[in-house]
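Below is one structure, written out as structure tokens; the observations come after it.
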Amino acid sequence: MRNEILNNLDNPKELEKLYRENKVSFKKEFNAIYPEMQHKNLQFWYERLHFGSEQQSSDGKKEIGIVVILAIVAGLLINIPNITGIDKEIFLTRNLSFIIFPVLIIYFIWKQKLEFKQWAGVCIAVVIAVFYMNLLPQNNASSSINLSLIHTPIFLWAVFGYAFLGEKNKNLEYRIKFLRYNGDLIIMSGILLLSTFLFSAITMGLFQLIDIQIEKFYTQYILIWLLAAIPIMANYFIQNNAQLINRVSPIIAKIFTPLVCINLFIYVLTMIITKKFPYQDRNLLLLFNVLLIGVMALILFTIAETASSPKSKFNLVMLFILSILTIIVNGIALYAISFRINEYGISPNRIAVLGSNLLIFINLLKVAYQLYNSIFKNEVVEAIEDSIARYLPIYGIWAGIVAFIIPILFQFK
């Protein structure tokens, strides 16, 4: 690398190529070369490589400190049942989302330097949700309470999105950035989770070889702390290694888009041939909602690279076919939900499924329309992202209604 830099001091294009190929090695060799010789291009590269480095170093140390503190806070929160003796299953069922999201919210309150009225509103929303969730009656047979348990994390996710976006919460481009961040966070958390379990299995296995059983101690005092720290640690890696992480989600989406498309086509064809439609199966209707969310995610992450891809037309056509198939499946689901309401009347589950299904259905129709325009009228693909971004607050509001209002309307039944 040293000789290549020296041989190309008057070739800016080649220097840029060397830098992009191996940034770490380039910077290391450059720092060794710079004090030894004077050259106008070296001065430029010095400023480029070291601009704001002292401030970044200071902020980086502060960020590490904050991440460590938040990881400890998450560990303390997840250990509340061990500390207080309350039922662990009940606590985690109602409060797992309050271990994950508030820690991330605090990080972004600091990161975005939110004003008092902004972070105070976020904190009040979280505190109200905590008290509401833990004051709900203990009734496992209650549909409305179970819906609240499912939708409260979605509501907290929306509050987290507000903290993440800060003053740019109305900017559609930044809303898309938030959605992509969530994909990266899930992937990185999954990698850390697998790594944690692998490390734990090796550790306990090594001690078993010398006849020392540490499973109980390790699980209660080490593993649980590691698991609680995963979301904030995953967030830290994403924030500081964006160039490595943000390429993964689009690649995964591009792999699974044709697979899901083929799968849905076979599924719809099979339903038509066998004339078996899911009118009676409630669980299948809930599964349709998960499918819709998954398809929206595939569209979003595939679009991330479509504009610059030489196969952009093919990708858009594949996404359009996928959206049409999903609209057909969703139409069947809406008919099935209407059938159940007509046959058995209104219930908390049916209202929640119908509402979320309608919201995603309308959103998907708009996305399909934008995909059509991009394919046949050569409109910009950013319009597709905007169609998704505009609906984010609506999903958050609906989650809040299902989590906090529907249980009250149905008297916690």
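I need the trypsin sites (Lys or Arg not before Pro) found in region 108-172, filtered to DSSP loop residues with at most 13 other beta carbons within 10 Å of theirs.
Here the trypsin sites (Lys or Arg not before Pro) that fit, given the DSSP loop and packing criteria, are LYS113, LYS170.
Quick check: with the 1.4 Å probe, what order do ARG390, ARG350 take by accessible area, largest first?
ARG390, ARG350
Using only protein heavy atoms and a 1.4 Å probe, report how much of TRP110 is accessible, in Å² to the nearest 10.
Using a 1.4 Å probe on the heavy atoms, I get roughly 80 Å².
Using 0.36 nm times the number of residues separating ASN134 and ILE405, minus their current alpha carbon distance, what extension gain do you get?
Result: 96.0 nm gained on full extension.
Can you give the accessible area of SER249 in Å² (nearest 10), computed on protein heavy atoms with a 1.4 Å probe?
Ignoring ligands and nucleic acids, SER249 comes out at about 10 Å².
Describe numerically, in nm with one decimal, the distance between label points set 7 Å from Cα along Cα→Cβ at TYR344 and at VAL268.
The modelled label-to-label distance comes out at 2.7 nm.
Note down the nm distance, to one decimal, between modelled labels 7 Å out along Cα→Cβ at GLU14 and at LEU92.
Rounded to a tenth, the inter-label distance reads 5.9 nm.
Take TYR19, TYR221 and sort them by solvent-accessible surface of the protein heavy atoms, 1.4 Å probe, largest at the top.
Result of the area sort, largest leading: TYR221, TYR19.
Taking R0 as 30 Å, what FRET efficiency do you get between GLU4 and LEU194 from their Cβ-Cβ distance, rounded to the nearest 0.05?
After rounding to 0.05, the efficiency reads 0.20.
Shape of region 353-413 from its Cα gyration tensor (a ≥ b ≥ c, root eigenvalues): rounded if a/c is under 1.5, otherwise prolate when a/b > b/c, or oblate?
It is prolate, given that a/c is not under 1.5 and a/b is the larger ratio.
What accessible area, in Å² to the nearest ten, does a 1.4 Å probe give for SER374?
10
Which whole-number value in Å² is the accessible area per residue of region 53-145, probe 1.4 Å?
Using a 1.4 Å probe on heavy atoms only, each residue of region 53-145 averages 57 Å².
Per 0.36 nm of contour for each residue apart, how much would the distance between GLN213 and ASN79 grow if the chain were fully extended, relative to their Cα-Cα spacing?
Difference between extended and current length: 46.1 nm.
If we count every other residue with Cβ under 12 angstrom of LEU96's Cβ, Lys/Arg +1 and Asp/Glu -1, where does the sum land?
Local charge sum for LEU96: +1.
The values are calculated or read from the model by the stated rules, or taken from the named source; none is laboratory data. Keep in mind it's a predicted model, so treat the numbers as computed, not measured. Cβ atoms come from the backbone with ideal geometry, glycine included; neighbour counts cover every protein chain shown. Ligands, DNA and RNA are excluded from the accessible area calculation, which covers all protein heavy atoms including side chains. Shrake-Rupley method; radii C 1.70, N 1.55, O 1.52, S 1.80 Å.
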